[in-house]
Amino acid sequence: MRNVNSNCWQMLNCYAVAFFLVLSSSSEVLNASVGDVDPRYRNCVRQCEETGCLGEKCFPNCKFVLDETPVGHPWDMLEPFYTKWKKQECQGDCQYNCMVDREKEREILKEGPVKYHGKWPFKRICEIQEPASVVYSVLNLALHFHGWMSFYNKLSLKVGKKTTYEYAGLWHAHGLLSVNSWFWSAIFHSRDCRLTERLDYSSAVALLGYSFILAVLRSFNVKNEASRVMIFAPLISFFVTHILFINFYKLDYGWNMKVCVVTAVAQLAIWAFWSVVSHHPSRWKLRFIVLIGGLAMFLEIYDFPPYEGLLDAHALGHAITIPLAYLWWSFARDDAAFVISKRIKNSKKSK
């Protein structure tokens, strides 16, 4: 027992140290966007948006905006959605091509790549802005959907009239939020604009917040409905308020990252603690989930420039969460089987 407690405290201490390191550096990393304050880059973007062209290359979206905009009228006074979308597309085309030109100049001067608007310079493939992240997001989505359906099918076979799994509804909600989050992740990395950015961030916060609630309820074996409501209410209120804040007041990247990091570390710490002190037959899967989840979290913070303009730390973080999705739903199926079989054994003993 002493060795178990020792291992548990060592694991929790590691996550505590990681938490403070990540939290202290998150603002500095997120604000390090050198490229978009470069005067040459900004002049390039401004001229491109005014003329609709960059050298001999012209952009149809910019031409639409210039043709449809009356003199003396700002873009926001025109037909709301379609015109604003075209404006963002024009802006995105200009920013991307100016970034490419500026990075070529930096390469000639033997200078390393820098971030533009918080992102590394990527090579587009078929107009997809971050191809690797899109592919890995789609794979995560597919695995979560498959895992969710396999959990549902196994539960349908296992659960009878006298045997129930109290956490089934929680896992189904988690499956829905996972599929939703990875769907918007794929859309956002395909085309970054104000709408897709907020949908991606909101979905990610919703998934992280709910995953934390799930960790609390399952690890502490909370079955009573009143107790669940007491846990749910304040946490749901906080995460809903945060989502409303970043959507309708201010998208503060530093604050949003801190909320996500605190939530992720707390969730991983709870699962780590439970995997050590419990006697669950699949606790080893939880330990791998904690390890992979911790590594993915670090890659979100301590990033590096994209290799060959395609694979950066963020994309790599999405890649290593692919096996995490498989392990996660494998654990959910094992947990359902464990809880149900344990209840059946207890009912037989009572007879």
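The values are calculated or read from the model by the stated rules, or taken from the named source; none is laboratory data. As the structure is a computational prediction, the values presented were derived from the model and not from experiment. Cβ: placed from backbone, ideal geometry, glycine included. Neighbour counts: every protein chain shown. Protein only, heavy atoms only, side chains kept; ligands, DNA and RNA dropped before computing areas. Shrake-Rupley method; radii C 1.70, N 1.55, O 1.52, S 1.80 Å.
Express in Å², to the nearest 10, the accessible area of ARG42 obtained by rolling a 1.4 Å probe over the protein heavy atoms while all chains stay in place.
140 Å²
At a probe radius of 1.4 Å, what is the per-residue accessible area of GLU105, in Å² to the nearest 10?
60 Å²
Using θ = phi - 60° and the Karplus form 6.51 cos²θ - 1.76 cosθ + 1.60, what ³J(HN,Hα) does each residue of region 319-332 get, whole Hz, x for Gly and Pro?
Result, rounded to whole Hz: 5, 6, 7, 5, x, 4, 4, 5, 4, 4, 6, 5, 5, 4.
To the nearest 0.05, what FRET efficiency results for SER278 and PHE248 with a Förster distance of 41 Å applied to their C-beta separation?
0.50
With a 1.4 Å probe and all protein chains kept in place, how do SER330, SER347 rank by accessible area, largest first?
SER347, SER330
Each residue of region 258-267 in order: what ³J(HN,Hα) in whole Hz does its phi give by Karplus 6.51 cos²θ - 1.76 cosθ + 1.60, θ = phi - 60°, with x for Gly and Pro?
For region 258-267, the Karplus curve yields 5, 4, 5, 5, 4, 5, 5, 5, 4, 5 Hz.
Between GLU308 and MET230, 0.36 nm times their residue separation minus their Cα-Cα distance comes to what?
Between GLU308 and MET230, full extension yields an extra 23.1 nm.
Sticking with the crude label model, points 7 Å out along Cα→Cβ, report the distance from CYS53 to ARG106 in nm, one decimal please.
For CYS53 paired with ARG106, the spin-label model returns 2.8 nm.
Considering the dipole of region 279-351 built from charges on the beta carbon (Lys and Arg +1, Asp and Glu -1) around the Cα centre, which of PRO323, HIS279, LEU311 is farthest to its positive end?
With unit charges placed on the Cβ atoms, the residue in question is HIS279.
I'd like the accessible area for ASP38: 1.4 Å probe, protein heavy atoms, all chains in place, Å² to the nearest 10.
30 Å²
Using the heavy atoms of the protein chains and a 1.4 angstrom probe, tell me the accessible area per residue for region 176-307 in square angstrom.
On a per-residue basis, 47 Å².
With θ set to phi - 60° and the Karplus curve 6.51 cos²θ - 1.76 cosθ + 1.60, what are the ³J(HN,Hα) couplings of region 112-117 in order, to the nearest whole Hz, using x for Gly and Pro?
Going residue by residue, I get x, x, 10, 7, 10, 6 Hz, with x marking Gly and Pro.
Would you work out what percent of the accessible area of region 206-341, with all protein chains in place, is carbon or sulfur (probe 1.4 Å)?
73 percent
Between rounded, prolate and oblate, where does region 141-231 land on the alpha carbon gyration tensor, with a ≥ b ≥ c its root eigenvalues, rounded for a/c under 1.5, else prolate if a/b exceeds b/c?
Cα axes put region 141-231 in the oblate bin.
On a full-extension model of 0.36 nm per residue, what is the gain between ARG40 and TRP255, subtracting their alpha-carbon distance, rounded to one decimal in nm?
Full-extension gain reported as 74.4 nm.
Quick check: with the 1.4 Å probe, what order do PHE331, PHE220, PHE232, PHE183 take by accessible area, largest first?
PHE220, PHE183, PHE232, PHE331
Where in region 185-208 is the amide nitrogen less than 11 Å from a point lying 7 Å along the Cα-to-Cβ axis of LYS123?
none
Could you pull out the pairs from LYS258/LYS342; LYS119/LYS285; LYS119/LYS250; LYS119/LYS154 whose alpha carbons sit more than 30 Å apart here?
LYS258/LYS342; LYS119/LYS285; LYS119/LYS154
Out of the total accessible area of region 115-189 (probe 1.4 Å, heavy atoms of protein only), what percent is carbon and sulfur?
71 percent
How would PHE238, PHE122 rank on accessible area, largest to smallest, probe 1.4 Å?
From most accessible down to least: PHE238, PHE122.
Work out, in µm²/s and without decimals, the Stokes-Einstein translational diffusion coefficient of region 252-336 at 37 °C, 0.692 mPa s, Rh from Kirkwood over C-alpha pairs.
Estimated via Stokes-Einstein, D reaches 233 µm²/s.
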